[in-house]
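Written below as structure tokens is the structure these notes are about.
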Amino acid sequence: MNCVDWEVNVLKIPIKLTMFTEVTATSRHYVDRLFDPDPQKVLQGVIDMKNAVIGNNKQKANLIVLGAVPRLLYLLQQSSSSAELRTECAVVLGSLAMGTENNIKSLVDCHIIPALLQGLLCPDLVFIEACLRCLRTVFISPVTPVQLLYTTAEHQTVLFNHGAIQNIAPLLISPSYKVEHKHTFMSHLKCMCVCVSCSVLVDGELLSQVFVRMMQRDKPIEMQLTAAKCLTYMCRAGAIRTDDNCIVLKTLPCLVRMCSKDRLLEERVEGAETLAFLMEPDVELQRIASITDHLVAMLADYFKYPSSVSAITDIKRLDHDLKHAHELRQAAFKLYASLGSNDEDIRKKITETENMMDRIVSGLSESSIKVRLAAVRCLHSLSRSVQQLRTSFHDHAVWKPLMKLLQNAPDEVLVMASSTLCNLLLEFSPSKEPILESGVIELLCSLTQSDSPALRVNGIWALMNMAFQADQKVKVEIMRALGTEQLFRLLSDPDANVLMKTLGLLRNLLSTRPHIDQIMSSHGKQIMQAVTLILEGEHSIEVKEQTLCILANIADGNTAKELIMTNDDMLQKVKYYMGHSNVKLQLAATFCISNLVWNEEDGSQERQDKLREMGFVDILHKLTQASDPNLCDR
């Protein structure tokens, strides 16, 4: 009996393979015809494909797998394609969309929606109708994310200008919320969620109040959560004040409820991420949230899910949640980052939550890039605390996984990780010394050469912090690793933040007299050239003030000050800025002269005589009458 069964199984296999090969070969023939150089043959090929896929789900699936969709979309979008060809492509795509849910997912992944929306701008009505039919087929599927239709600012503006909010808003107060209408109703609400306007009235009632009613506990959870998102976006857009009762007493508590462990995983994730976004810029909302329903402790449960004693009895649900548990950790890190971004007491409460620092350290090396990014954001938020830098960060040696993360990561992670590193390199951070010993200077110098302005800023910012009150050995190593060529390239960087941090680095390098004299003896000519270019250029007051402060530091050197005294053009620039209309520039320029004429230093008399001859005494007399007391004293 076993032999017979085995033989039967063997006989079945080649039959199936032969059939599949035939179908695939036919499908391949249809796809190949789409690439024919003759436009008429391409058109006939599309028409034949249209006839072949009608009612044939297997053929549809084969064509999608063989790459027909990208080619059809390409032909549909080409202005050189005939109107008939473009229309037939839209019809075939619509037919493919009538297959399985997997077909729809494949079409959406190929960016069919923006291509069809673009098609609606064509003057050909037959083509427009074909595009609309296809769009309708795609959007009535439950697997299509309806927000794709209105996620860009352009789409939102078009919808608003054409009365979308005014027409959708009345549907939100329909007397019945029936299961059979749930998908349509939630589509309306989600559309409102990204196109909200506070001024719209619904039956004489403000739209915000309609949303408040939808957050009542007796409403379906999806409705509560989506209404809370609508109000969150309205608040972040400035349409509702952060201290408005509908935010403080309704939206925030609703979102905190969504973080409870009796909610579904996706509800907890969405609730936490929306709450993080709501209170991100507002310290008072952060303080209120931190004491609402023990939120800080509640979030600790996000890292224990699903537990070994999980109440989940639905095996499918448990399997789903196990696969998506990382999304909970990501959401928790995001919310902790938002909670702790300003208030010292909240940061302390977060770090004292059970195993929190260990969880962050683990999060930095998770396989999910989104979790790593959220974990480093959380770490960055906590690193703004002097107390945490001195205690928790030191105790858990967080600099080690942070340095590892910096070795090989996408730019968005690098930006956040390097920003955190800037804080760990502040002079009062115990992590500064071990980070220095780990060879971080080369890494930071490489960041300054990045195409990303944010990475260049962070690289130079970290070097600036490192150079503050540093030993001469460290400063020499920074200059060696960075190189004068790169330093002066950064001084002409088009990004103002990069320029400011580079000037800050130079100012920190040029502090304490032996260091000033040593660096100026090696690089004085180039530094003076850079100072000249900036003072002569079109730069902000802040940039020029920082540059004059560098000049004042140079003037404090024993030998370095001669580079200013022997440069009459530079002295004239200092004189000009002493008479400037901006007090900050006057102060910085006057400070430079003060360092040059200090009585207790060798050669002070000769320097005073030269400056007197150049008319500096007259301008100093005028400044003693200045309205600013600091300038007057200087």
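Assign one of three labels to region 469-570, namely rounded, prolate or oblate, based on the Cα gyration tensor with a ≥ b ≥ c the square roots of its eigenvalues; rounded applies when a/c is under 1.5, prolate when it is not and a/b is larger than b/c, and oblate otherwise. Here region 469-570 falls in the oblate category. Taking only protein heavy atoms and a 1.4 Å probe, the accessible area of the chain is 53% carbon and sulfur. Accessible surface calculations at 1.4 Å, restricted to protein heavy atoms, place region 586-634 at 62 Å² per residue. Of the GluC sites (Glu not before Pro) in region 541-621, the ones in a loop by DSSP (not H, G, I, E or B) with at most 16 other beta carbons within 10 Å are E600, E601. Restricting the GluC sites (Glu not before Pro) of region 336-416 to loop positions (DSSP other than H, G, I, E, B) with no more than 10 neighbouring Cβ atoms within 10 Å leaves E354. Under the criterion of Cα pairs below 8 Å and six or more residues apart, the relative contact order for region 22-78 equals 39 percent.
Annotation for H29 and T532: the two label points, set 7 Å from Cα along the Cα-Cβ direction, are 7.9 nm apart.
L206 exposes around 80 Å² of accessible area when a 1.4 Å probe is run over every protein chain in place. Gain on full extension, evaluated as 0.36 nm per residue between K304 and N599 minus their Cα-Cα distance, stands at 99.3 nm.
Could you pull out every one of the lysines with an alpha carbon less than 21 Å from that of K561, ignoring same-chain neighbours closer than 8 positions? Partners within reach: K475, K525, K544, K573, K575, K610. 3J(HN,Hα) couplings calculated from phi for region 364-375 with the Karplus curve 6.51 cos²θ - 1.76 cosθ + 1.60 (θ = phi - 60°) are, in sequence order, 5, 10, 5, 5, 6, 4, 5, 5, 4, 5, 5, 5 Hz; Gly and Pro show x. Computed on protein heavy atoms with a 1.4 Å probe, the accessible areas place Y576, Y74 in the order Y576, Y74, largest first.
Using the Cβ of R384 as centre and a radius below 11 Å, the other residues enclosed give a net charge of -1, where K and R count +1 and D and E count -1. Residues M403, M98 ordered from highest to lowest accessible area at a 1.4 Å probe: M98, M403. The alpha carbon radius of gyration of the chain, expressed as a multiple of 2.2 N^0.38 Å, is 1.30. With each label modelled as a point 7 angstrom along the Cα→C-beta vector, the V583-E427 pair spans 2.6 nm.
Stretching the chain fully between S367 and S540 yields a gain of 57.9 nm (0.36 nm per residue, less the alpha carbon separation).
Remark: the chain carries a charge dipole of roughly 1360 debye about the Cα centre, counting +1 on each Lys and Arg Cβ and -1 on each Asp and Glu Cβ. Here each label is just a point 7 Å from Cα along the line to Cβ, and for D609 and V126 those points are 9.8 nm apart.
Working from Cα positions, state the angle (0 to 90°, nearest 10) between the long axis of helix 68-77 and the longest principal axis of the chain. Taking the Cα atoms of the chain, the angle to 68-77 is about 70 degrees.
Between the Cα long axis of helix 39-53 and the first principal axis of the chain there is an angle of about 60°, rounded to the nearest 10. In the chain, the longest principal axis of the Cα atoms and the axis of helix 83-97 are about 80 degrees apart.
With all protein chains in place and ligands, DNA and RNA left out, the 1.4 Å accessible area ranks D358, D628 as D358, D628, largest first. Taking a point 7 Å from the Cα of D411 along the Cα-to-Cβ direction, the residues of region 442-481 with backbone N closer than 20 Å to it are 443-462.
The Cα center of region 471-542 and the Cα center of region 34-98 differ in position by 61 Å. Counting heavy atoms of the protein chains alone, V210 has an accessible area of about 0 Å² for a 1.4 Å probe. Partners of K41 within straight-line reach, counting lysines whose Cα lies under 20 Å from its Cα and excluding those fewer than 8 residues away in the same chain: K50. Shape verdict for region 325-447, please, from the Cα gyration tensor: rounded (a/c under 1.5), prolate (a/b greater than b/c) or oblate. Here region 325-447 falls in the oblate category. Positive end of the dipole of region 434-558 (Cβ unit charges, origin at the Cα centre): among I541, P514, L463, the Cα lying farthest that way belongs to P514. Apply 1/(1 + (r/R0)^6) to the Cβ-Cβ distance of Q209 and R236, taking R0 = 25 Å, and write down the FRET efficiency to the nearest 0.05. Efficiency computed from Cβ-Cβ geometry: 0.85. Report summary: the helix-based calculation at 222 nm, which adds -39500 (n - 2.57) for every DSSP H run with n ≥ 4 and divides by the residues of the chain, gives -21000 deg cm²/dmol.
The values are calculated or read from the model by the stated rules, or taken from the named source; none is laboratory data. Keep in mind it's a predicted model, so treat the numbers as computed, not measured. Here Cβ is always computed from backbone atoms with ideal geometry, including for glycine, and neighbour counts include all displayed protein chains. Calculation scope for accessible area: heavy atoms of the full protein, side chains included, ligands and nucleic acids excluded. Shrake-Rupley method; radii C 1.70, N 1.55, O 1.52, S 1.80 Å.
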